Amino acid sequence: MKKELDRKYAKVILSKCFAPGNKKLLIEYQSEEMNDFVNTVSEVAKEMGYEDIKFKLEDTKKKLEYINNTDIEDIEINEYLDRSIWDECAKEKYCILHIHSYIPTDIKVDPEKMKKATELMNSTRPYYKNNALKYAFPWCIVEYPNKEWADLLFKNDPNSFYKLYEAIISVCMADKEAPEKEWEKVIENSNKYKEYINNLEADKMHITSDKGTDLYVGMLNNYRFLNMDKADGLGKGYM
């Protein structure tokens, strides 16, 4: 059952989060615990015609352990901080899939060390950093559970992983009989609201609620809202 749900989740991601025609894929993930799902995504991608698939394990715990156990002056670009493959693939218009998972940890990292490490990581991916929000290349972030995260949410529950897994699968509608068609309905409905808000050409939004919310939000000149398909925005057709 889980294997089939993993396959449906993978197909939803690849078919609805990336534009048709892209046949190169980079899968970045945060823990070896995700290996089975990463392999499933790769299998489904090959079935869908992806011809070039690369992988990048960004082990969150090992990265934090390295930063925490290294003197600040000795922190350098290495296997834990090198994200140059993000830049290489972004420039080649790969579909870049980030499979994230909240990784609970007791590791306390000095803020100055983390600042230096972050600056070093960013220095290895300048093109990605400067162009991601312009949708100059296709990218997407999705969530996948891990046992520690699940145990944190569902304490003392032997089925914690599956409860979190089912919640994520349900939110992404991968448990539906035809998830892609369900997402098409969501996109079509959302486009109506998007067009309405864009046509307002408002200088501010006034948000209220029966719980006391009374908030004014100023709008940028020539603002544009995009739907999840981003079909009429920068990087046309990318998600």
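The values are calculated or read from the model by the stated rules, or taken from the named source; none is laboratory data. Since the structure is predicted, the reported quantities are computational estimates derived from the model, not experimental observations. Heads up, the Cβs are rebuilt from the backbone with ideal geometry, glycines too, and the neighbour counts pull from every protein chain shown. Calculation scope for accessible area: heavy atoms of the full protein, side chains included, ligands and nucleic acids excluded. Shrake-Rupley method; radii C 1.70, N 1.55, O 1.52, S 1.80 Å.
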Point to revise | Unpaired by the 4.7 Å Cβ criterion, cysteines found in the chain | key: C89, C95, C172
Practice item. Over the chain, calculate the relative contact order: mean separation of alpha carbon pairs under 8 Å at least 6 apart, over the residue count, as a percent. Key: 22 percent
Revision key, fill the gap. Most fluctuating of N35, N78, N222 in the GNM of the chain (C-alpha, under 10 Å) is N222
Point to revise | ³J(HN,Hα), Karplus 6.51/-1.76/1.60, whole Hz, each residue of region 174-181, x for Gly, Pro | key: 6, 8, 6, 5, 10, x, 4, 5
**Study point:** Heavy-atom accessible surface of the chain: percent carbon and sulfur, 1.4 Å
**Key:** 50 percent
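If region 1-136 were replaced by its equivalent ellipsoid, with semi-axes equal to the square roots of 5 times the Cα gyration tensor eigenvalues, what would those be, largest first, whole Å? Display every interim value, and only then the final one.
Details: eigenvalues 175, 72, 24 Å².
Equivalent-ellipsoid dimensions as semi-axes: 30, 19, 11 Å.
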Check your understanding: Between Y193 and K93, what is the spin-label point distance in nm, taking each point 7 Å from the Cα along the Cα→C-beta axis?
Key -> 3.2 nm
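Per residue, how many Å² of accessible area does the chain show with a 1.4 Å probe?
Result: 59 Å² per residue.
For the chain, report the % of Cα-Cα distances exceeding 24 Å. The partial results should precede the final answer.
Values: 16352 of 28441 pairs.
Considering the chain, 57 percent of its Cα-Cα pairs are separated by more than 24 Å.
Once the piece of chain linking K54 and D74 is laid out straight, how much longer is it, given 0.36 nm per residue of separation minus the C-alpha distance between them? Display every interim value, and only then the final one.
On the way: separation 20, 0.36 × 20 = 7.20 nm, distance 2.97 nm.
Stretched fully, the K54-D74 segment lengthens by 4.2 nm.
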Exercise for review: Would you pull out the residues with amide H under 5 Å of I96's amide H, same chain only if 5 or more places away, H placed 1.01 Å from N?
Suggested key: L26, W139, C140
Point to revise | Positive-end residue, region 110-239 charge dipole about Cα centroid, Cβ charges, pick of T208, Y128, N227 | key: Y128
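R0 = 30 Å: FRET efficiency of D203 with K129, Cβ-based, nearest 0.05?
Details: r = 31 Å, r/R0 = 1.02.
Computed FRET efficiency for D203 and K129 comes out at 0.45.
With charges only on Cβ, +1 for K and R and -1 for D and E, what is the dipole size of region 119-175 about its Cα centre, in debye, rounded to 20?
Values: 6 positive and 7 negative charges, 65 e Å.
Using Cβ point charges on Lys, Arg, Asp and Glu, region 119-175 gives about 320 debye.
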Review point. Under the Karplus relation 6.51 cos²θ - 1.76 cosθ + 1.60, θ = phi - 60°, what is the ordered set of whole-Hz ³J(HN,Hα) values for region 108-125, x standing for Gly and Pro?
Key: 9, 9, 4, x, 5, 5, 5, 4, 5, 4, 5, 4, 5, 4, 5, 5, 8, 9
